[in-house]
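Quick note: the coordinates plus some simple rules give every number you see, no bench work behind them. Every value quoted in this text rests on a predicted model; they were computed, and no experiment measured them. No Cβ is skipped: glycine too gets one built from the backbone with ideal geometry, and neighbour counts run over all protein chains shown.
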C-alpha cells in the first residue's frame, strides 16, 4: 500500500558565497517520469522555511502521482526582491537541468512543471509565470500577495489572524537590512514575528527593497500581464483573509480575464489565511486543473 505522507529528501540547489539554499523533494512510491509541483512557502519573503508544506500537498504526492518540491529562498530585508527572484529562477533551472543528477534519470519529468506558492510564495509563483522562459505549464497561487505597493500593504493593518504585535527587541536583529543573509528560519525563531511587524508598519515594499518608479513596477504582477502573459492559472483566496487582502488576487484575476488568459478563481467566502493547513482541506479542484495542464 502506498504511503500517504512521503518523506522529503534535502538537496542544495544553489550556493551563494557560503550560504546554501536547499529544496525538499517528496516523491511518490516507485516514481517514474512524474510531473513536478514546485511550491514556495509564505511569510512575506521575510520569514519561513521549506518544510512548512500543507497536509493536502503532502497527500497529493501519492494521490496524484506527482513530485512535490518545496524550495527555500533568501529572505528580505537582507536581500531584495530582485535577488529573491534570482533564487526562483535558479531553482527552476536546477530542476530542469540538474535534478536528475541527484535523484536519477527518469524519476521526474521537469518539462511537466507546475509552480505554486502560498501567500508570498504565491507571489513568487506569479513572478515565475511572468518572467521565466520557458514558462511553467500551470500556476497555482494560494492566497497570493500580488502587489506590495497595493492598498493593503501601504495602509497599516492590525495583527493578522487574531495575533499580537511583535516583540521589537527580539525582532530587531532580523529586520536589520545589514544583518546576515539567511535562506530560512525555524518556526520558533523570533524572525517569525516579521510579517506581523510588516503589516502594522505597512512597509513591505521597503523591506523588499523595491526600486522607485518604473523599475519597481516590474514587481507588481497585474501591471505586467499584458506585456508578458501568464500560463493557465488557478487562484485560491478567502474573502476573510486578514494577512493578505483579497483585492490582491482580485486585481490579477481581473486583468487575466480582461486579456483573455486562462484563469480559474476559487474565491472562498468567510475563509481566513492559512485555511489549507487544516487536515480536512483537499483542494481537489485545484489539483484537477493542474493535472489537466500537465498532460
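Would you work out if segment 13-55 is rounded, prolate or oblate? Take a ≥ b ≥ c from the square roots of the eigenvalues of the alpha-carbon gyration tensor; rounded if a/c is under 1.5, else prolate when a/b is larger than b/c, oblate otherwise. It is oblate, given that a/c is not under 1.5 and a/b is not larger than b/c. Sequence-distant contacts, meaning Cα pairs under 8 Å at least 6 residues apart, place the relative contact order of the chain at 21 percent.
Highest-first packing order for the peptide set 38-46, 188-196 is 38-46, 188-196, based on the mean count of other beta carbon atoms within 10 Å.
Histogrammed with a bin width of 5 Å, the alpha carbon distances of segment 1-118 distribute as 2, 12, 23, 25, 19, 11, 6, 2, 0, 0 percent, first bin at zero. Relative to the current alpha-carbon distance between residue 176 and residue 86, full extension at 0.36 nm per residue lengthens the span by 30.3 nm. Its DSSP H runs of at least 4 residues, each contributing -39,500 (n - 2.57), put the calculated 222 nm mean residue ellipticity of the chain at -8500 deg cm²/dmol, to the nearest 500.
Note on the chain: antiparallel DSSP beta bridges, both residues inside, total approximately 35 percent of the bridges counted. Calculated FRET efficiency, residue 164 to residue 12, Cβ-Cβ distance, R0 = 35 Å: about 0.45 to the nearest 0.05. What the Cα convex hull of segment 170-283 gives, in volume per residue, is 154 Å³.
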